[in-house]
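Colleague: First the structure, which I've put down as structure tokens, then a few questions once you've had a look.
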Amino acid sequence: MADSEARTVLLTGASRGIGHATVQRFVAEGWRIISCSRDDVPAECRVPGSRHVHIAADLADPLGVAALIERGNAVLAGAALHALVNNAGVSPKAEHRERLGCLNGDLAHWRQVFELNFFTPLALARGFAAALHRGSGVVVNVTSIAGHLVHPFAGSAYATSKAALSALTREMAAEFAHLGVRVNAVAPGEIETAMLSPETEILVPRIPLARLGQPEEVAGTIYYLCSDDARYVTGTEIMITGGQHLF
């Protein structure tokens, strides 16, 4: 508890998968949680007795982002924010399961993907910069293995938005250091969540550890980056891929 006593984390995309597992990890470590997803917290995600404030907002809409910033800062009431985890994201799928590439993807969809996957993390980091400065906090952006190689299922819009978020992590790390705020990223590979394509199992032979990853394993790495054990780590992107990114 010494490492996390009275600390607060704000996490987006909290209702399922990696987000849900990360909320559970921070709750277990004694942190106060401010979470956000489009809808209210599902019953299976509620943790009785936890210090948990949930804000429902559509972060694909700039108005929803502005509402989260306003309400989140109101909840903080001038207190420090110790971690911001930008986990919310979208990976559109084609109607007939073909990969959405550069030639067959609707440009309107590309803009929607970049709005949530790239511009929302930037806007939230700016909107909570003062609170993060007060807490000597950390920003963790959730990128993807798809931002570093051509993925057989993830579409081009998703992949390039995550590559842009990787670059943004580097730029933010350099600039936010002047505020005493660290900025890092985690890049998950094939994690067993609802976002996976049904065909993902065929990729397992390409993974040196020979299995899919679990949301709890991503959550543990995110927690590490937010802990004092990582207090000299900034501008880093950790691959959580079971070694898949090596090939």
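Colleague: Please report LEU225, LEU63 as a ranked list, fewest other C-beta atoms within 10 angstrom at the top and most at the bottom.
Modeller: Final ranking by Cβ density, sparse to dense: LEU63, LEU225.
Colleague: Separate question: Can you pull the three principal axis extents for the Cα set of segment 8-246, in Å, largest first?
Modeller: Largest first, segment 8-246 extends 48, 40, 38 Å along its Cα principal axes.
Colleague: Against the longest alpha carbon principal axis of the chain, how many degrees, from 0 to 90 and to the nearest 10, is the axis of helix 17-28 turned?
Modeller: With both axes taken from Cα atoms, the answer is about 30 degrees.
Colleague: Next question, about the same structure. Calculate how steeply helix 62-76 sits against the longest principal axis of the alpha-carbon atoms of the chain, using the helix alpha-carbon long axis, and give the answer as 0 to 90 degrees to the nearest 10.
Modeller: 30 degrees
Colleague: Place a label point 7 angstrom from the Cα of ASP229 along the Cα-to-Cβ direction, then list the residues of segment 163-183 whose backbone nitrogen is under 20 Å away.
Modeller: Only 182-183 fall inside the zone, counting backbone N under 20 Å.
Colleague: Set the Förster radius R0 to 25 Å, insert the Cβ-Cβ distance between ALA56 and LEU107 as r into 1/(1 + (r/R0)^6), and round the FRET efficiency to 0.05.
Modeller: Once the sixth-power term is evaluated, E becomes 0.30.
None of the figures in this text is laboratory data; all of them are computed from the coordinates on show. These figures come from a predicted structure and were not determined experimentally. Don't worry about glycine lacking a Cβ; one is built from the backbone with ideal geometry, like all the others, and counts go over all protein chains shown.
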